[in-house]
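The values are calculated or read from the model by the stated rules, or taken from the named source; none is laboratory data. Every value quoted in this text rests on a predicted model; they were computed, and no experiment measured them. Here Cβ is always computed from backbone atoms with ideal geometry, including for glycine, and neighbour counts include all displayed protein chains.
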Amino acid sequence: MNLFDVYKLWPIEPVKALGCSVWDREGKEYLDFYGGHAVISIGHAHPHYNEKLVNQLNNISFYSNSVVNPLQSKLAKELGEMSGYDKYSLFLSNSGAEANENALKLASFHTGKSKVLAFKGAFHGRTSGAVAVTDNSLIVSPFNSYHKIKFVPLNDIEAVRSELSSGKYAAVMIEGIQGVAGIYEPEASFLRELRKVTRKWGVTLIADEVQSGYGRTGRFFAHQHSGIKADIVTVAKGMGNGFPIGATLISPSFTAISGMLGTTFGGSHLSCAAAIAVLEVMKDEDLVCAAAQKGKYLFNALEVLGQKVGTTVIKDIRGRGLMIGIEMDEKYIPVRNSLLFEERIFTGGAKSNIIRLLPPLTISYSQIDAFIGAFENTIERQKQRIEL
Ligand SMILES: Cc1ncc(COP(=O)(O)O)c(C=O)c1O
């Protein structure tokens with residue numbers, strides 16, 4: 001049997017990883033400014049995380065959601081305390097798309113309505129409802145296209161007001177910072193108005209923090225920079241540091257009804273052990289604060305480089321904490337491949353010309369310096385290639 005060929009692959013086979021480094025089969029070391037797509041939050045193979053997972057594996061890894069599992073309550077308590085959402089309740093699942101699917105379903109149960117407002121450029125996952133609220137017609141099949149969804153431009157509060165005044169909406173779903181689109185942040189004033197207008201019309205505000213959450217932007221959730229609280233928050237990626245887990249944080253105004261949501265694998269002993277270990281490391285190593293400080297350092301260094309090379313090379317730098325987008329001029333698109341194959345640094349991408357930096361929150365200042373030096377080298381080499 002062959003693999004269903006849907007992924008564009010780099011010809012690199014990682015066989016080992018530690019901290020912010022990854023080694024391939026030939027023993028070549030790569031610096032990880034991608035975190036396997038914002039998943040590696042506390043660094044690869046963190047000793048505390050590995051120890052907790054191995055211990056859990058030797059005790060019990062899985063049973064089912066029909067028995068008592070105190071690890072779920074421990075995770076809920078610790079996540080509530082760290083995120084400031086301690087009065088909310090937690091539903092555990094397996095991925096970001098599933099967390100969003102459950103959020104949409106809850107909003108619909110709660111309001112009795114089905115229409116959802118989302119934003120241009122949004123990415124919320126690939127399952128039925130999650131892909132329907134994703135603004136990319138290439139990945140929405142006819143089967144997914146029957147949902148009632150409206151997309152409006154990000155930061156356009158008048159468009160939001162005008163839609164919600166119809167009284168037909170169950171939910172508004174918004175990313176803390178748009179990731180897949182290329183790092184676009186909702187303005188704080190927009191989020192505050194969005195909070196007011198959703199409240200006015202009884203519409204559920206869902207913050208998708210799957211990519212921007214778990215400390216990445218220097219607050220536990222990116223939307224917290226604006227001081228608002230969502231009705232539902234979704235998380236995944238950094239939550240398990242590579243162990244598949246997703247979750248939906250639900251406001252106390254929602255009533256749980258037996259059987260309303262469910263999953264076989266979600267909330268397994270092993271996934272809870274992974275997620276608890278992640279929170280413990282984040283707390284012990286103060287990683288949310290580290291993301292804010294190192295993110296500022298990285299952003300400033302990029303701005304200095306941007307001024308040096310000019311806007312004909314780096315057109316824009318966006319983002320917060322360790323979630324940064326660098327928009328390159330079209331002529332400098334090859335820089336990302338040079339970073340990988342010549343400098344051995346993994347980065348993320350968006351569109352064809354945006355480099356997305358999503359390193360583990362444990363990245364060091366010297367690794368940031370190494371990245372900046374390598375980035376400058378690749379830009380210089382590309383400049384020479386263009387001039388030839
Ligand atoms: C903001 C956002 N929401 C949802 C998802 C979907 O998560 P998953 O791939 O775990 O289903 C992603 C994945 O990139 C994402 O960036």
query: Across the range 78-110, what is the total count of residues that are within 16 Å of the ligand (Cβ to nearest atom) and not in a helix (DSSP H, G or I)?
result: 5
query: Just wondering, is there one or more residues in the range 50-58 that are in a loop (DSSP other than H, G, I, E, B) and among the hydrophobic types (A, V, I, L, M, F, W, C)?
result: no
Any pair with Cβ under 8 angstrom, 6 or more apart, that starts in the range 153-166 at a residue that is surrounded by 17 or more Cβ atoms within 10 Å (Cβ to Cβ) and modelled with pLDDT of 95 or more and ends at one that is part of a loop (DSSP other than H, G, I, E, B) and of a type in the set (A, V, I, L, M): Leu164/Val203
task: Please enumerate the residues belonging to the range 176-234 that are crowded, with 22+ Cβ neighbours inside 10 Å, among the small types (Gly, Ala, Ser) and within 16 Å of the ligand (Cβ to nearest atom).
output: Gly176, Gly179, Ala207, Ser212, Gly213, Gly215, Ala222, Ala230
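What is the residue count in the range 124-171 for residues that are of a type in the set (S, T, N, Q) and either more than 13 Å from the ligand (Cβ to nearest atom) or closer than 22 Å to Arg195 by Cβ (or both)? Spell out how you get there, then give the answer.
So the first thing to find is which residues in the range 124-171 are of a type in the set (S, T, N, Q), and the list is 127-128, 134, 136-137, 141, 144-145, 155, 162, 165-166.
Checking the rest, the ones that are also either more than 13 Å from the ligand (Cβ to nearest atom) or closer than 22 Å to Arg195 by Cβ (or both) come to 137, 141, 144-145, 155, 162, 165-166.
Of the residues in that region, 8 qualify.
Please verify whether Leu75 is away from the ligand (no atom under 16 Å from the Cβ) and assigned to a strand (DSSP E or B), treating the condition exactly as stated.
So Leu75 fails the test.
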statement: Flagged in the range 1-43 as closer than 23 Å to Gly325 by Cβ and outside any loop (DSSP other than H, G, I, E, B), in numbering order, are Val22, Tyr30, Leu31, Asp32, Gly35, Gly36, His37, Ala38
field: Pairs where the first residue, in the range 220-237, is without any contact (Cβ under 8 Å) to a residue 40 or more places away in the chain and the second is of a type outside the set (Asp, Glu) and within 14 Å of the ligand (Cβ to nearest atom), C-beta under 9 Å, 6+ apart
entry: Ile228/Ala207; Ala230/Ile174; Ala230/Ile206; Ala230/Ala207; Ala230/Phe221; Ala230/His223
